C-alpha cells in the first residue's frame, strides 16, 4: 500500500500501482470525468501513470492552468500528426503549450502552409481526435531514439536527443503517431472537441538567427465548441483594441525604420499622456518621501560587470561603445539600478538618514531580437518608472508594504481592479542562475511573502521566476478582455549592496550593509501605456486622456462664442479644443467619437444667448444644456471619483 497526500492535507491509502485517475474515482465519479492531468511530488504525470511510492498528488481539470497546459500540449501532438500526414517529408521539431494554446515548429522543406490550408489541417486533426486514441508514454534508450530519428533524417530531433542522458528519454504514442516527449498529456484525444489553427510565422531553430528558419504553426483547442466560439469573438475584440492600431488612430506614437526597430517616437498627444502619467506618480512619490534623481543613458562597461548585468544580459545588450581612449568601453544602460547604487555611494550615510528613496524615469536599452519586437510591449528602448530604496534590515518590512500601497494606488487609479500578486522565488534546482548567498535569498523571499500576507494580497508563489539578484513581487493584472499581464514589480535585493560595497553607519558606530528595494509600479511607460490602451479600448480615464472635450460650433458665426467657451474651460483646467472645420456638426460628432474624446460641447445660437453649452458624452449620453461652471463640476466630480488622493 502507498500513502497519497491530497491538496487539502488528507491522506489516503491505495494499492501500489494505482493511478491518479484511480484516486480521482475514489473521491467522486464527477471529478474522475473532469480530471485531465496530474502532478505527483510536484512533477507532471499522466492521469494513468502508476504510482508506486508515497507522495503528494494534485489533480487538474480544464479549469486549472496545468490542465490547460496538458490539454494544449496534447493537441500539439494531434496537429503534428495531421501536418505529417498532409505534408509528406515534413520534419517535426518541438510543440509546446503556451499561455493561450500551443505551437509546433516544423521544417516543410520546399512546401508551405498558408491561411488557406488551415481548414484542412483542422479537419484532419479533429478526425484524429474523434478516434479517442490514448496517449501512452514509454521509456526509450538513447540508441533506439537516435536510430528512429536518424532513419527519418530528422536532424532536429537528433540534436535534442544527443543533449539528453540515457535513461531520461521517453516517447509518447497515440494512434499511429510517435513523438519525443517528456510527458504531461490528457487521457485520450477524444476530450479535444474543437481545434483552430490561428496563424503561421517564421521561427529560427532554437531561436538562433544563424540556424534554419522553420514554420511555426500556432493553434488553440477546447473541450467544447462553444468555448472556441467565445475565444474567437474575444480575439476579434482584441484586434479592435490592439494598441498598435489605436496608437495610430489616436496619434499617440509612431515608429520609423530610419530611427530603428523597437525605438518608439512619441507624438504630441502621446507625449502629453506620458507627461500626465509621470506627474501623477511623481506627486504620489513626493508624498511617500521619494527624491528624484537623473542618471546618464550610458555607463562604463565595468559598472555593469560589477552589478552582474553584463554577465547575465550582455548578449541581450547593445554592443559596447568604444572611445578613442585605449580599452575604454561604455554600454547603453540596460538597467538603472547600478547608477542608483553609485548615487547612494556619493557620500557616507548614518542609519538616521535612512531610508533613502531615489526615483527616476530612466530610459534603458536592450537589444531584443527583431522577431520578438511587438509595438510598445516589446521594444529596444523604454523608460522605467524606476526607484530604489536603501534601508536598514529593520526598515525593510514597512518599506516593502509602503511600496505595495503605492502600487495598489496606481493600479486602482487607472482602472485595473482585477489582479493577483505573484511572489517570484528562486529555482532551487538551478542555483547557477542567481548571485548572492543562500542566507540572503531566504531572508529576501521570506520578507516578500510576509509582506504579501500582512497586506492581505491574494498571491501565488512561482519558482524560477525571480530576478538573478533577488526575489520579487509582481502584480498580475487581468484586463477588460480577461487577459493576464504583469504590471508593476517590487524586488528585495541583498546582493547589489554587497557588489557595490554600500554601507551606512549604525547606532553602534559600525558599518552595516543596507538592503535595497527595486520597484516600478508601471514597469515601463511604453508597455504600461500599451496595456492601458488595450484595457480601455482607448477610452482613458478622464483625468488622463489628452483631450477631455471638444467644442463644436454649429456654424462659422458661432466660432467666436466657441473660443470664449474654450477660454473658460481652460480657466477650469479642462483640456479642450475647438473644431472649426467647415463640416457638419454630425460629422464632427462622429469623428470625435472615433477619436475617443469624452465630451462634445455643441454651441449655437441658443447656447450663445443663454451663455451655456449642450453636452454630449462619448457613447451618446445627452446631458442637455449646462453652464460651463456646471460642466466643470461634472468633470471634476468624475475625476475625483477615480483619482483618489494618495
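The values are calculated or read from the model by the stated rules, or taken from the named source; none is laboratory data. None of these values were measured; they are calculated from a predicted model. Ideal geometry is used to build each Cβ from the backbone, glycine not excepted, and the neighbour counts take in all protein chains shown.
Within segment 608-625, is even one residue assigned to a helix (DSSP H, G or I) and surrounded by fewer than 14 Cβ atoms within 10 Å (Cβ to Cβ)?
Looking for residues that are assigned to a helix (DSSP H, G or I) and surrounded by fewer than 14 Cβ atoms within 10 Å (Cβ to Cβ), one finds at least one in segment 608-625, hence yes.
How many residues are in a loop (DSSP other than H, G, I, E, B) and more than 27 Å from residue 49 (Cβ to Cβ) if we restrict to segment 133-165?
3
Against the conditions (1) in a helix (DSSP H, G or I); (2) closer than 26 Å to residue 521 by Cβ, where does residue 310 fall short? Just the number, please.
Every listed condition holds for residue 310 apart from (2).
Hey, residue 112 hits all of (1) touching a residue at least 40 places away in the same chain (Cβ under 8 Å); (2) in contact with a helix residue (DSSP H, G or I) (Cβ under 9 Å, 6 or more places away or on another chain); (3) at negative phi but one; which does it fall short on?
(2)
Filter segment 408-434 down to the residues that are closer than 19 Å to residue 444 by Cα and crowded, with 18+ Cβ neighbours inside 10 Å, then identify the one that is farthest from the chain's Cα centre (by Cα).
Step by step, filter segment 408-434, then rank; the result is 434.
Answer yes or no as to whether residue 214 is outside the structural domain of residue 531 (by TED's automatic domain parsing), in contact (Cβ under 8 Å) with a residue 60 or more places away in the chain and touching a strand residue (DSSP E or B) at 6+ places or on another chain (Cβ under 9 Å).
In short, yes.
Let's see how each residue does on (1) more than 30 Å from residue 129 (Cα to Cα); (2) more than 21 Å from the chain's Cα centre (by Cα):
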{"site": "198", "(1), (2)": "no, no"}
{"site": "205", "(1), (2)": "no, yes"}
{"site": "210", "(1), (2)": "yes, yes"}
{"site": "215", "(1), (2)": "no, yes"}
{"site": "252", "(1), (2)": "yes, yes"}
{"site": "262", "(1), (2)": "yes, no"}
{"site": "266", "(1), (2)": "yes, yes"}
{"site": "273", "(1), (2)": "yes, yes"}
{"site": "282", "(1), (2)": "yes, yes"}
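Please count how many residues of segment 3-32 are surrounded by 13 or more Cβ atoms within 10 Å (Cβ to Cβ) and assigned to a loop (DSSP other than H, G, I, E, B).
The total comes to 2.
Filter segment 475-492 for residues that are in contact with a helix residue (DSSP H, G or I) (Cβ under 7 Å, 6 or more places away or on another chain) and either part of a strand (DSSP E or B) or surrounded by 22 or more Cβ atoms within 10 Å (Cβ to Cβ) (or both) and give the result.
Selection gives 475, 477, 485, 487, 488, 490, 492.
With respect to residue 368, determine if the residue is outside any strand (DSSP E or B), assigned by TED's automatic domain parsing to the domain that holds residue 261 and either touching a residue at least 60 places away in the same chain (Cβ under 8 Å) or at positive phi (or both).
It is true that residue 368 is outside any strand (DSSP E or B), assigned by TED's automatic domain parsing to the domain that holds residue 261 and either touching a residue at least 60 places away in the same chain (Cβ under 8 Å) or at positive phi (or both).
Suppose we filter segment 511-553 for residues that are within 21 Å of the chain's Cα centre (by Cα) and without any contact (Cβ under 8 Å) to a residue 60 or more places away in the chain; how many remain?
Looking only at that region, the number is 0.
Going through 621, 583 one at a time, which residue ends up being at pLDDT below 95, over 30 Å from residue 377 (Cα atoms) and out of contact with any helix residue (DSSP H, G or I) (no Cβ under 9 Å at 6 or more places or on another chain)?
Of 621, 583, the one residue that is at pLDDT below 95, over 30 Å from residue 377 (Cα atoms) and out of contact with any helix residue (DSSP H, G or I) (no Cβ under 9 Å at 6 or more places or on another chain) is 621.
Please go through segment 588-602 and pick out each residue that is more than 24 Å from residue 534 (Cα to Cα) and either modelled with pLDDT of 95 or more or outside the structural domain of residue 553 (by TED's automatic domain parsing) (or both).
Of everything in segment 588-602, those that are more than 24 Å from residue 534 (Cα to Cα) and either modelled with pLDDT of 95 or more or outside the structural domain of residue 553 (by TED's automatic domain parsing) (or both) turn out to be 601, 602.
Any residue that is in a helix (DSSP H, G or I) and without any contact (Cβ under 8 Å) to a residue 24 or more places away in the chain - is there at least one of those in segment 445-453?
Checked against the condition, which is being in a helix (DSSP H, G or I) and without any contact (Cβ under 8 Å) to a residue 24 or more places away in the chain, segment 445-453 yields at least one hit.
When residue 357 is evaluated against the numbered criteria (1) at pLDDT 95 or above; (2) surrounded by fewer than 19 Cβ atoms within 10 Å (Cβ to Cβ), which criterion, by number, is the only one it fails?
Checking residue 357 against (1) at pLDDT 95 or above; (2) surrounded by fewer than 19 Cβ atoms within 10 Å (Cβ to Cβ), the one that fails is (2).
Please state which of the following conditions residue 210 fails to meet, knowing it meets all the rest: (1) more than 21 Å from residue 483 (Cβ to Cβ); (2) loosely packed, with under 14 Cβ neighbours inside 10 Å; (3) modelled with pLDDT of 95 or more.
All conditions pass for residue 210, except number (3).
What are the residues in segment 146-163 that are within 25 Å of residue 71 (Cα to Cα) and either out of contact with any helix residue (DSSP H, G or I) (no Cβ under 8 Å at 6 or more places or on another chain) or at pLDDT below 95 (or both), if any?
Residue satisfying the conditions is 160 alone.
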